[in-house]
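Notes follow the structure.
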Amino acid sequence: MATRRFTAPVTIHLFFIRDHQILLLRRFNTGYEDGNYSVVAGHLDGGETVKQAAVREAKEEAGVHLTEENIEIVSVMHRKAGDERIDFFATVKEWEGEIKNQEPHKCDDLRFFPLDQLPVNTIPYILRAIENYKKGKWFDSFGWTERKRSI
């Protein structure tokens with residue numbers, strides 16, 4: 001009997017960095033973490049690379065154009081949030097166009113915050129990923145409870 005292979009949603013999260021500040025958006029009317037801050041992000045649609053998904057999400061959510069050369073993958077997180085997920089985090093330091101909230105029906109605030117003064121209502125795994133970025137930590141697990149193994 002064939003068993004089904006494990007699959008997990010894969011997302012790309014973009015750290016738009018400018019003058020020691022990071023672009024955050026406050027989620028609104030989405031049903032997930034509404035009222036809390038996150039970063040421009042989205043699921044891979046399949047048939048696209050992580051950087052291609054980053055380019056697409058930047059256009060869809062912030063209205064700016066990125067080139068793959070201006071996207072640097074800085075960390076990966078294996079996250080448990082009910083289901084298991086794989087999150088890629090990337091920095092973006094150059095883009096074309098003016099950042100604008102392209103999804104006001106899903107986001108009610110989009111602005112830069114100092115990297116050392118993030119809002120208290122930043123989503124916990126996003127906060128951890130930003131801290132990892134600042135420390136240069138390339139991999140992390142989040143949301144897992146430690147299980148003691150019998151020897």
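Measuring r between the beta carbons of Phe28 and Glu98 and using R0 = 25 Å, the FRET efficiency lands at 0.75. Taking the alpha-carbon distance from Lys59 and a cut-off under 18 Å, which lysines remain once sequence neighbours fewer than 8 residues away in the same chain are dropped? Counting by Cα, and skipping residues close in sequence, Lys59 has these lysines nearby: Lys51, Lys93, Lys100, Lys106. Explain nothing, just the number: relative contact order of the chain, from Cα pairs under 8 Å at least 6 residues apart, as a whole percent. Rounded, it is 30 percent for the chain. Amide H to amide H distances under 5 Å link Asn36 with Arg27, where only residues 5 or more positions off or on other chains count and H is placed in the peptide plane. Classify the stretch 66-120 as rounded, prolate or oblate, taking a ≥ b ≥ c as the square roots of the eigenvalues of its Cα gyration tensor: rounded when a/c is under 1.5, otherwise prolate if a/b is larger than b/c and oblate if not. Oblate shape, in that a/c is at least 1.5 and b/c is the bigger or equal ratio.
Over the stretch 85-145, give the accessible area per residue in Å² for a 1.4 Å probe, as an integer. All intermediate terms of the calculation are to be shown ahead of the outcome.
Working: 3690 Å² over 61 residues.
Roughly 61 Å² per residue, with all protein chains present.
Taking a Cβ cut-off of under 11 Å around Lys51, the surrounding Lys, Arg, Asp and Glu residues balance to a net charge of -4, with basic ones at +1 and acidic ones at -1.
Pairwise inverse Cα distances across the chain, averaged and inverted, put the Kirkwood hydrodynamic radius at 16.2 Å. A probe of 1.4 angstrom, applied to the heavy atoms of all protein chains, finds His43 with accessible area near 90 square angstrom.
Could you give the length gained on full extension between Glu48 and Ile73, defined as 0.36 nm per residue of separation minus the Cα-Cα distance, in nm?
On the way: separation 25, 0.36 × 25 = 9.00 nm, distance 1.53 nm.
Residue separation times 0.36 nm, minus the Cα-Cα distance, leaves 7.5 nm.
The angle between the Cα long axis of helix 124-135 and the longest principal axis of the Cα atoms of the chain comes to about 80 degrees, rounded to the nearest 10. Ligands, DNA and RNA left out, the accessible area of the chain computed with a 1.4 Å probe is 49% carbon and sulfur.
The Cα center of the stretch 1-28 and the Cα center of the stretch 71-107 differ in position by 5 Å. In whole Hz and in residue order, list the ³J(HN,Hα) couplings for the stretch 59-64 that follow from phi through the Karplus curve 6.51 cos²θ - 1.76 cosθ + 1.60, θ = phi - 60°; x for Gly and Pro. So the J values, rounded to whole Hz, are 5, 5, 9, 10, x, 10.
How big is the Cα convex hull of the stretch 1-51 in projection, averaged over all directions, in nm²?
Orientation-averaged projected area of the Cα hull: 5.9 nm².
The values are calculated or read from the model by the stated rules, or taken from the named source; none is laboratory data. In this text, all values refer to a predicted model and were calculated from it rather than measured experimentally. When we count neighbours, we look across all protein chains shown, and the Cβ atoms used for this are built from the backbone with ideal geometry, even at glycine. Each accessible area value is taken on the protein alone, full model and side chains, heavy atoms only, with ligands, DNA and RNA left out. Shrake-Rupley method; radii C 1.70, N 1.55, O 1.52, S 1.80 Å.
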